[in-house]
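A short write-up of the structure that comes next.
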Amino acid sequence: MKKLFNIVICSLAFVLLYSCKTDNMNYSDAEVTAVTALYSPTENAAVKLVSASSASLFFEWEPAKTQDSGAALYELVFDKVGGDFSKPIYKITSNNNGYLSNATITHKTLNTIATISGVNPGESGDVIWTVVASRGLNQVVSKEVRKLNITSLEGFAEVPNELYITGEGSETGTDQAASLPFKQTSPGEFEIYTKLEAGKDYSFIDRKSGTPRFFYTDDQVKLKEGNEENGIRVTKTGVYKINLDFNVATISSSEITKVGLWFSPENKVLFDLPYAGKGVFKGTGVVTFRQESWGRDQRYKFQFEKIENNVTSVGQFGTKVASDNPPNASSDPSYYYIKVLANVTQWDDKWKFIDAVDRKSTTISIILQGDKEYTHTVQVN
């Protein structure tokens, strides 16, 4: 009887295992047709790339069909002219994680594709593209191929991994070993908050020792590579935020004219935080919480004024990690991390002071340095 029971159990296990394997194989081996029509862009379409982060090009094709009526997945693939897509130079999943028969490709991605294909910065060249449809383990490359002409961005072929500011007009002078670091915000993109002295040269370097590469601009728009003799000057001594994008070889800057403590309950700046040097803004004042029916309101963030292209505007720094509670001794340092907010509001993206700040002299420091997270400190005096 026991032997018979074991045989039955083994038989059931075999049936279940075979059934699972069969289901998996049915899914994995489901046939999928090749995409038979490419809709957009049209054959020999031309695109001139621009540096705006929102710039993109829309690709669309006819959906494939599958044997099991399930959804096909798609990859848009690119190759050099004359290639057969057996080793494509670039692949990207279609919209909605591969389930839609279209794809939105940013100009920055298209610039990467152009660079890989051999197109020099600022020049034009052709690439070809098609679509790979898949279902389970089956993949089918469309026989339809389109040619796309790309005028690339004037970016750098070799993008620095780190960046520093140096020169007589910078905060650390000509001592390259002491030069202040930029923060890398994305691959090839850097920013720094620093003070510049009018009428004196400064430039950017990719390392603090050895033989660095030097970068500069002569029109405050296009970023160029030069040597130690190439410098940049400002006409007004002040604190500046400088942004560099090596992917598109551009530079922009704004003068930060004021930073202050924004107290949300009062809907205003309570006191200023003057620039203290090396990316730090620091100020001292008394903060009195606002009495409400439910308790004392201690919400705050920071507000700044800037001048860019001769236009004055207001922005705010707020929480990078959202929280609706005041910190305590065990709070993670990320509670104090800072980011520039997309909009200026009274309440959004705020912090809360600890109770000890109420009616006390308090020193607040905003620390915007390239070698660490942007953050701030609150010290009751």
**OP:** Please identify the pairs in which a residue from region 326-340 that is farther than 16 Å from residue 261 by Cβ and in contact (Cβ under 8 Å) with a residue 40 or more places away in the chain has its Cβ atom under 8 Å from the Cβ atom of a residue that is surrounded by 10 or more Cβ atoms within 10 Å (Cβ to Cβ) and among the polar types (S, T, N, Q), counting only partners at least 6 apart or on another chain.
**Re:** 333/375
Original post:
Checking residue 278 against (1) surrounded by fewer than 17 Cβ atoms within 10 Å (Cβ to Cβ); (2) under 25 Å from residue 221 (Cα atoms); (3) modelled with pLDDT under 95, which single condition isn't satisfied?
Top reply: (3)
Original post:
Are any residues in region 157-177 over 27 Å from the mean Cα position of the chain (by Cα), surrounded by 13 or more Cβ atoms within 10 Å (Cβ to Cβ) and within 12 Å of residue 205 (Cβ to Cβ), and if so, which ones?
Top reply: 167, 172, 174, 176
Original post:
Among the candidates 241, 208, 236, which residue alone is surrounded by 15 or more Cβ atoms within 10 Å (Cβ to Cβ), over 24 Å from the mean Cα position of the chain (by Cα) and of a type in the set (D, E, K, R)?
Top reply: 208
Original post:
Within the set of pairs 6+ apart or on separate chains, which have a first residue in region 123-136 that is open to solvent by 30 Å² or more (accessible area, probe 1.4 Å), a second that is acidic (Asp, Glu), and C-beta atoms under 8 Å apart?
Top reply: 135/31; 135/68; 136/29
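When you scan region 342-358, do you find a residue that is among the hydroxyl-bearing types (Ser, Thr, Tyr), out of contact with any Phe, Trp or Tyr (no Cβ under 7 Å at 6 or more places or on another chain) and not in a strand (DSSP E or B), even just one? I'd like the intermediate steps shown before the answer.
Kept after step one, since they are among the hydroxyl-bearing types (Ser, Thr, Tyr), are these residues of region 342-358: 345.
Next, only the ones that are out of contact with any Phe, Trp or Tyr (no Cβ under 7 Å at 6 or more places or on another chain) stay: 345.
Keeping just the survivors that are not in a strand (DSSP E or B) gives 345.
Yes: one or more hits.
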Original post:
Of all residues in region 372-381 being polar (S, T, N, Q) and either open to solvent by 50 Å² or more (accessible area, probe 1.4 Å) or in a loop (DSSP other than H, G, I, E, B) (or both), which is farthest from residue 258 (Cα to Cα)?
Top reply: 381
**OP:** With the checklist (1) more than 22 Å from residue 257 (Cα to Cα); (2) over 23 Å from the mean Cα position of the chain (by Cα); (3) among the polar types (S, T, N, Q); (4) open to solvent by 20 Å² or more (accessible area, probe 1.4 Å) in hand, flag the one item residue 142 doesn't pass.
**Re:** (4)
Subject >> Positions within region 243-266 being within 24 Å of residue 377 (Cβ to Cβ) and of a type in the set (A, V, I, L, M, F, W, C), in sequence order >> reply: 256, 259, 261, 262, 263
**OP:** Considering only region 278-308, state which residues are under 16 Å from residue 340 (Cα atoms) and basic (Lys, Arg).
**Re:** 301, 306
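Yes/no per residue for (1) in a strand (DSSP E or B); (2) in contact with a Phe, Trp or Tyr (Cβ under 8 Å, 6 or more places away or on another chain); (3) at pLDDT below 95:
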{"site": "301", "(1), (2), (3)": "yes, yes, no"}
{"site": "306", "(1), (2), (3)": "yes, no, no"}
{"site": "314", "(1), (2), (3)": "yes, yes, no"}
{"site": "317", "(1), (2), (3)": "yes, yes, no"}
{"site": "330", "(1), (2), (3)": "no, no, yes"}
{"site": "335", "(1), (2), (3)": "no, yes, no"}
{"site": "361", "(1), (2), (3)": "yes, no, no"}
{"site": "370", "(1), (2), (3)": "no, yes, no"}
Subject >> Lone qualifier among 150, 92 - being in contact (Cβ under 8 Å) with a residue 60 or more places away in the chain and either buried (at least 18 other Cβ atoms within 10 Å of the Cβ) or assigned to a strand (DSSP E or B) (or both) >> reply: 150
Original post:
Restricting the search to region 178-194, which residues are open to solvent by 30 Å² or more (accessible area, probe 1.4 Å) and either in a strand (DSSP E or B) or touching a helix residue (DSSP H, G or I) at 6+ places or on another chain (Cβ under 7 Å) (or both)?
Top reply: 181, 183, 184, 185, 186, 189
Subject >> Sole residue being under 27 Å from residue 238 (Cα atoms), open to solvent by 20 Å² or more (accessible area, probe 1.4 Å) and of a type in the set (S, T, N, Q), chosen from 291, 303, 346 >> reply: 303
Original post:
If you take the residues in region 349-371 that are of a type outside the set (D, E, K, R) and more than 19 Å from residue 260 (Cβ to Cβ), which one is surrounded by the most Cβ atoms within 10 Å (Cβ to Cβ)?
Top reply: 370
**OP:** Could you figure out which of (1) open to solvent by less than 50 Å² (accessible area, probe 1.4 Å); (2) assigned to a strand (DSSP E or B); (3) farther than 16 Å from residue 351 by Cβ isn't true of residue 261?
**Re:** (3)
Original post:
Scanning for something closer than 19 Å to residue 274 by Cβ and open to solvent by 20 Å² or more (accessible area, probe 1.4 Å), does region 310-320 turn up at least one residue?
Top reply: yes
**OP:** Might you let me know whether region 45-56 holds any residue that is part of a loop (DSSP other than H, G, I, E, B), of a type outside the set (Phe, Trp, Tyr), modelled with pLDDT of 95 or more and under 20 Å from residue 145 (Cα atoms)?
**Re:** no
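The values are calculated or read from the model by the stated rules, or taken from the named source; none is laboratory data. Since we're looking at a predicted model, the values are computed, not measured. So basically every Cβ, Gly included, is an ideal-geometry build from the backbone, and we count neighbours across all protein chains shown. Quick note on the areas: whole protein, heavy atoms, side chains included, nothing else; ligands and nucleic acids left out. Shrake-Rupley method; radii C 1.70, N 1.55, O 1.52, S 1.80 Å.
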